[in-house]
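Undergrad: What follows is a structure written as structure tokens; I'll ask about it next.
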Amino acid sequence: MAENFEFIRPSNAPVSNEEIINDLKAVAKELQKTTVTQKNYEANGNFDYTTVSRRFGTWNKALKEAGLSFSNESNISDERLYENILNLWQHFGRQPRRSDLTSEISSFSQSPYNRRFKTWTNSLQNFVNYANGEDLELPNQIEKNTKDKTKKTGRDPSLRLRYKVLLRDNFTCKQCGASPAKDQNIELHIDHVIPWSKNGETTLENLQTLCSGCNLGKSNL
């Protein structure tokens, strides 16, 4: 009896929104739950939870697209709380305020920050100390993003690396100078100067801040 063909996704193949949503649904079905936490997805999903959050803006927005209910977790890790701060910083183009935690961009309310850091000011200070650390790579980043052993880095920059790129570029598009600090409709992306699919590495020197318009224009060239 002939064996069936098996599709193996190339390591550098782009992931569609539909694939991410279907994977969220599959994880929820497997766990027999109406929602999926980032911790659940990290253990059972096919993609990185940070990729999901960035693709749809926030984790809760991704859950909404998948027809799942919002998650309400306890024991949220420091790194995920820091990730939310950075997402807010990137969205607003400035240091986030406590009131920004009530926006739809935020995945968490003020309560988890108060439980962990006592005050919002302490939360920001701890985030900056963490983000300014020297370890730019997550320990499992390469293994999780690619099986290509010629690569030194994975496709997605770590939280620290994203922060350093945005800070270096002053939270401003390197091509047109647009910034969400001046126009809330501006959306910033972290882009590879030399594409990762063309052997560009995920390093500070090979990453730049682009607005969504310039990033789309670049991809169409």
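Where a number appears in this text, it was derived from the coordinates with a stated rule and is not lab data. Worth saying up front: this structure is predicted, and the values here are computed from it rather than measured. All Cβ positions, even for glycine, are placed from backbone atoms using ideal geometry, and neighbour counts span all protein chains on display.
Let's see how each residue does on (1) surrounded by 13 or more Cβ atoms within 10 Å (Cβ to Cβ); (2) more than 25 Å from residue 81 (Cβ to Cβ):
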| residue | (1), (2) |
| --- | --- |
| 155 | yes, no |
| 167 | yes, no |
| 172 | yes, yes |
| 191 | yes, yes |
| 205 | no, yes |
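Undergrad: Looking at (1) of a type in the set (D, E, K, R); (2) out of contact with any Lys or Arg (no Cβ under 9 Å at 6 or more places or on another chain); (3) in a helix (DSSP H, G or I), which is the only condition residue 94 fails?
TA: If we test residue 94 against (1) of a type in the set (D, E, K, R); (2) out of contact with any Lys or Arg (no Cβ under 9 Å at 6 or more places or on another chain); (3) in a helix (DSSP H, G or I), just (3) comes out false.
Undergrad: Considering only the range 15-52, state which residues are out of contact with any Asp or Glu (no Cβ under 7 Å at 6 or more places or on another chain) and either within 20 Å of residue 162 (Cα to Cα) or of a type in the set (A, V, I, L, M) (or both).
TA: 15, 20, 24, 26, 27, 28, 31, 36, 38, 42, 43, 52
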